[in-house]
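Notes to accompany the following structure.
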Amino acid sequence: MSKQDSAARAAAISFRQLRLFAAIGDLKSVRRASEECSLSQPAVTQALAKLEEQIGSVLVDRRASGSYLNELGDLFHARIRRFFEQAEQAIMEAGAADTKVAARAIMNRFTRSQIRTVVGAIEHGSFDRASESVGISSASLQRAARDLESNLGVSLFYRTAAGVLVSPLGSQFGRRMKLALQEIEWGIEELEAAQGGSTRQMVIGAMPFGGSVLLASVLDDFLRLHPHADIRIMNESAAEMAKSLRAGDVDFVIGLLPELESGEVIREPLARTPYSVVARRGHPLTRLGKVSIEDLRAYDWVTGTDGSSRRACFERIFADGPAPQTSIATCALPVIRHLLKRSDRLTLMTSYELEHEDSLRAVLYGPITPVPSLGITMRASWLPTRMHQDFINLIRAHVSAPRPHLRDVG
């Protein structure tokens, strides 16, 4: 099952169906769920049957003593509870409710079309482009947007000469709701995997240099565990990668950990990997017993892009005086390797990155502090699927294996 298939199936399930299923799981009874949701018992039974048909799995065992979630039902119920919890948290963060009870009441009034307006407008940049993408008129989307704002009691959009735009608060709310909706997709995909079906697309962010090297080292082992996995690898700058991770466009990121703390992500350090000044084999500085800061200033450098830890490290080295010439800033390893091999340029590489380079050498300057860590960056509220967890476990095992120049974090 592709990501598009799971997204389409998730989008076909109404919030009403999910509320009823969550109530059945919580109360262990179709009758009590019908009372909780103020619906007739036949209506709840019919909604459950339609949900099971849509996702292709029986979720509830009906017995004389009540209706109980089976193993698949427990799996899906955990994701649906997370969906509602995250949606209610988004409502509270938007200032529309002060308590979970009030947020739940607002969430009960939401429809998919209302949420689709803010998520679509954020992803596509405007109501017109969003309407083209989902096949609904711009007028219909704007009407749903007004209903959404009415339910929330908070303004999420504003009108300009260029059309209706999403406010900063609307962008934050839409991003939170997009992450919540992913729980439904992951729930469906976990059901497929549990029944021996194909697995979902996994999107992994690989930070330049070490992230790509580490990722490549475990891919074959992972595909032996999950031969039907569909893996997409994204390579972006540190700033863009962080943005993609927070937006849910990337499942997790492998590579050098960001230096700045953020409440939205968690960082799992796996190994400390110090920076070295690196040059081509045979570079004049490689023949010196000790390299000074003045020696480093005499050469042109290839630096990391703005916002990268490599760029921050370079700026710290030369903070007390003039910086050397830096004609090129890039995080593209093939470009850097080519530039250094054909010139006397210098750059910074971690010990993990350098051990995979045959034609480059570290010069005797250092130590360089602070020492960065290689690891995994994830959203703080993320619950990995089994496939995600298997991949992460392989990364942990690979890094913890004894290797030269790489010291485990204690």
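Key figures for this structure:
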{"item": "Total residues in the stretch 373-405, condition at pLDDT 85 or above, touching a strand residue (DSSP E or B) at 6+ places or on another chain (Cβ under 9 Å) and assigned to a loop (DSSP other than H, G, I, E, B)", "result": "4"}
{"item": "Condition met for L48 (of a type in the set (A, V, I, L, M, F, W, C) and in a loop (DSSP other than H, G, I, E, B))", "result": "no"}
{"item": "Odd one out for M177 among (1) open to solvent by less than 10 Å² (accessible area, probe 1.4 Å); (2) over 14 Å from T117 (Cα atoms)", "result": "(2)"}
{"item": "Segments classed as strands (runs of 3 or more DSSP E), wholly inside the stretch 134-226, with at least 1 members that are among the small types (G, A, S)", "result": "163-166, 201-206"}
{"item": "Test: A271 is more than 22 Å from A312 (Cα to Cα), open to solvent by less than 40 Å² (accessible area, probe 1.4 Å) and small (G, A, S)", "result": "no"}
{"item": "From the options I254, I266, residue that is open to solvent by 30 Å² or more (accessible area, probe 1.4 Å) and β-branched (V, I, T)", "result": "I266"}
{"item": "Qualifying positions in the stretch 290-316 - part of a helix (DSSP H, G or I) and touching a strand residue (DSSP E or B) at 6+ places or on another chain (Cβ under 8 Å)", "result": "L296, S309, R310, R311, C313, F314"}
{"item": "Close pairs (9 angstrom Cβ cut-off, 6 or more residues apart or separate chains): modelled with pLDDT of 90 or more in the stretch 292-316, part of a helix (DSSP H, G or I) and hydroxyl-bearing (S, T, Y) anywhere", "result": "none"}
{"item": "The stretch 281-329, residues that are under 23 Å from A238 (Cα atoms) and among the hydrophobic types (A, V, I, L, M, F, W, C)", "result": "W301, V302, A312, C313, F314, I317, F318, A319, A323, I328, A329"}
{"item": "Residue within the stretch 98-111 that is over 17 Å from G187 (Cα atoms), open to solvent by less than 70 Å² (accessible area, probe 1.4 Å), not β-branched (V, I, T) and not in a helix (DSSP H, G or I) present", "result": "yes"}
{"item": "Residue satisfying all of: in the stretch 145-172; under 23 Å from M107 (Cα atoms) and more than 28 Å from the chain's Cα centre (by Cα); most open to solvent (accessible area, probe 1.4 Å) among these", "result": "R146"}
{"item": "Selected residue (criterion: farthest from I336 (Cα to Cα)) from residues of the stretch 237-251 that are open to solvent by 50 Å² or more (accessible area, probe 1.4 Å), touching a residue at least 12 places away in the same chain (Cβ under 8 Å) and out of contact with any Asp or Glu (no Cβ under 6 Å at 6 or more places or on another chain)", "result": "D249"}
{"item": "Residue in the stretch 379-393 that is aliphatic (A, V, I, L, M) and in contact with a Leu (Cβ under 7 Å, 6 or more places away or on another chain) present", "result": "no"}
{"item": "Tally, over the stretch 181-205, of residues that are touching a strand residue (DSSP E or B) at 6+ places or on another chain (Cβ under 6 Å) and either open to solvent by less than 10 Å² (accessible area, probe 1.4 Å) or modelled with pLDDT of 90 or more (or both)", "result": "4"}
{"item": "Flag if F76 is within 26 Å of S140 (Cα to Cα), buried (at least 19 other Cβ atoms within 10 Å of the Cβ) and at pLDDT 95 or above", "result": "no"}
{"item": "Unmet criterion (only one of (1) in contact with a Pro (Cβ under 9 Å, 6 or more places away or on another chain); (2) among the charged types (D, E, K, R); (3) modelled with pLDDT of 90 or more) for E355", "result": "(3)"}
{"item": "One residue from R62, R19 being within 30 Å of F157 (Cβ to Cβ) and either open to solvent by 40 Å² or more (accessible area, probe 1.4 Å) or free of Cβ contacts under 8 Å to residues at least 60 places away in the same chain (or both)", "result": "R19"}
{"item": "The stretch 296-345 - residue that is under 36 Å from the mean Cα position of the chain (by Cα) and basic (K, R) and, of those, most open to solvent (accessible area, probe 1.4 Å)", "result": "K341"}
{"item": "Positions within the stretch 34-59 being in contact (Cβ under 8 Å) with a residue 24 or more places away in the chain and over 30 Å from R386 (Cα atoms), in sequence order", "result": "V44"}
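The values are calculated or read from the model by the stated rules, or taken from the named source; none is laboratory data. All values reported here derive from a predicted model rather than from experimental measurement. Cβ sites come from the backbone with ideal geometry, for glycine too, and all protein chains shown count toward neighbours. Keep in mind that these areas ignore ligands, DNA and RNA; they rest on the heavy atoms of the full protein, side chains included. Shrake-Rupley method; radii C 1.70, N 1.55, O 1.52, S 1.80 Å.
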